[in-house]
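Chemist: Can you keep this structure in mind? I'll have questions shortly.
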Amino acid sequence: MGHRTPFYELHVAAGAKIVDFGGWDMPLHYGSQLDEHHIVRRDAGLFDVSHMTIVDVEGPDAKAYLRKLLTHDVAKLTVPGKALYSGMLNEAGGVIDDLITYYLTETFYRVVVNASTREKDLAWLAKVAEGFNVKVQHRADFAMLAVQGPKARELAMSVLTPGQAAIAASLSAFFGADAEGWFVARTGYTGEDGFEIMMPLPEVESFWHKLLAAGVRPCGLGARDTLRLEAGMNLYGNEMDETISPLEANMGWTVTWEPSDRDFIGRKALEAQKAAGIQRKLVGLVLEERGVLRGHMKVVIEGIGEGETTSGGFSPTLQQGIALARVPKDCGDRALVEIRGKLMPVKVVKANFVRFGKSVLA
C-alpha cells in the first residue's frame, strides 16, 4: 500500500482505477481516460494533486534563500501573488526538481514541488536552508485540487464562498492568493485555464462533492499525462532529472543570468555547459503515418546523429502520434523514429502541440 491523499476514499467511491504513482495510490481513470481528456479540453475536469508538496518559506532571509536555491530569480517578483516557474538544481547543474514559487511578501513565499520527489526535495530544501534565517515548513495540513478546462473557472467559482469567488475572479494567469484560509492559484498542468486550489483538510469532502454537483468531472493520471504532453509540459523523470540540465530540457528561459553575482546552486556548471555549447535540445515530434509514439524510442536524424523520445503517446485532440524528444542541437524539421524495428517519418516542431483546446502546429 502506498501513500494516500485525503481524497483516496472519494476516488474509490467514484469508481477510480487505482495505480501506484511514485509511491502514491492514485486514480488512473474513472472509466475512460479518453473521455476525461476531452472533458478537460471542452468543459471542466478536476484532478487530485494533493500528492504534490506545499512548502512555506518564511523569514528575513526568505528571498536570499530562494535566490540561492532556484535558477529563476525571485527578486523579479514584486507583485503579491505572482508565481514563478523554476528549476532547483544540484551543483552539477542537473534538475533536482521543477517547481512553482508564489511571492506573498518580501519574507513569505509558497513553493509547490513534485510528488515523486517529495522526500528528496524536502531534504534538499532543509540542507540549503542551513545558514539562512528562514523557516521552511511542509504544509501537510492542506489538500489540493486542480480544476481545469474552458468552464473550470466559472464552475469552481460557483461553489466557492462569495468572498473566495471574488478573489479567484480577480486573479490573472499565473497568480495566486489567500482566500479566507484557502489558497487559489490560476495555474495548471493541462494547457487549459483553471485553478489549483489548496484547502484545509476538513474541507476536502465537502468541496469535492460541491464540484461534482456543479458538473465538474473527476479525472485521473492518464488524462493528466496526455493533456500535459499535448501542452508540451515537462514531466520530472522523463524530460529532466538530476543528470539533465535545464539548458537541455527546454527550460533555459527559467535561468536568470543577471545579475552575474547571484551565485545560485548549479550556476558554474551551467555557465561551463553554455560556454562549451549545448549539444542537445528538447523538441516535439509529430508522427506523419498511423502509429503511436512512446518514451525511449530511438530518433534518427540522417547525417547528424541520434536522439531519444522522452515522452510519447497518441494525441486525442490532434488524432496523431506525438512525442517530446531530446535530439542533437543541429536537428532540422525532419527525423525518423524507430517503431518496432521500422523507421517512421516524423515532423520536428516546437515542444508544444495544443493550447486551449486548439492545435498550435503550423
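Bear in mind these aren't lab numbers, they're just calculated from the coordinates by the rules spelled out. As the structure is a prediction and not an experimental result, all values here were calculated from the model. Here the Cβ positions follow ideal geometry from the backbone for every residue, glycine too, while neighbour counts run over all protein chains shown.
Chemist: With a ≥ b ≥ c the root eigenvalues of the C-alpha gyration tensor of region 188-343, is it rounded (a/c under 1.5), prolate (a/b larger than b/c) or oblate?
Modeler: oblate
Chemist: So what is the 222 nm mean residue ellipticity for the chain from helices alone, if each DSSP H run of at least 4 adds -39500 (n - 2.57) and you divide by all residues, rounding to the nearest 500 deg cm²/dmol?
Modeler: -6500 deg cm²/dmol
Chemist: Just for the Cα atoms in the chain, what are the lengths along the principal axes, largest first, rounded to whole Å?
Modeler: Projected onto the principal axes, the Cα atoms of the chain cover 60, 51, 39 Å.
Chemist: Can you figure out the FRET efficiency of Asp141 with Asn352, using R₀ = 41 Å and their beta-carbon distance, to the nearest 0.05?
Modeler: E between Asp141 and Asn352, to the nearest 0.05, is 0.70.
Chemist: Still on this model: How big is the charge dipole of the chain about its Cα centre, in debye rounded to the nearest 20, if each Lys and Arg gets +1 on its Cβ and each Asp and Glu gets -1 on its Cβ?
Modeler: Details: 40 positive and 45 negative charges, 162 e Å.
Dipole about the Cα centre, nearest 20: 780 debye.
Chemist: Also, quick follow-up: Among the listed pairs Lys127/Lys268; Lys76/Lys151; Lys120/Lys268; Lys82/Lys350; Lys63/Lys268; Lys135/Lys210, which have their C-alpha atoms separated by more than 24 angstrom in this model?
Modeler: Lys76/Lys151; Lys82/Lys350; Lys135/Lys210
Chemist: What does the charge count near Leu104 come to, summing +1 for each Lys or Arg and -1 for each Asp or Glu among other residues with Cβ under 12 Å from its Cβ?
Modeler: Neighbourhood net charge equals -1.
Chemist: Got a sec to turn the phi values of region 13-27 into Karplus ³J(HN,Hα) couplings, 6.51 cos²θ - 1.76 cosθ + 1.60 with θ = phi - 60°, whole Hz, x for Gly and Pro?
Modeler: My calculation for region 13-27 gives 5, 7, x, 5, 8, 8, 9, 7, 9, x, x, 10, 7, 10, x Hz in order.
Chemist: Amide H neighbours of Ala179 under 5 Å, at least 5 residues apart or on other chains, H built in the peptide plane: list them.
Modeler: For Ala179, whose amide H was placed from the backbone, the distant partners under 5 Å are Val184.
Chemist: Please give the contour-minus-distance gain from Val292 to Trp257: 0.36 nm per residue of separation, less the Cα-Cα distance, rounded to one decimal in nm.
Modeler: 8.7 nm
Chemist: Given points 7 Å out from each Cα along the Cα-Cβ axis, report the Ile18 to Ala166 separation in nanometres with one decimal.
Modeler: 4.1 nm
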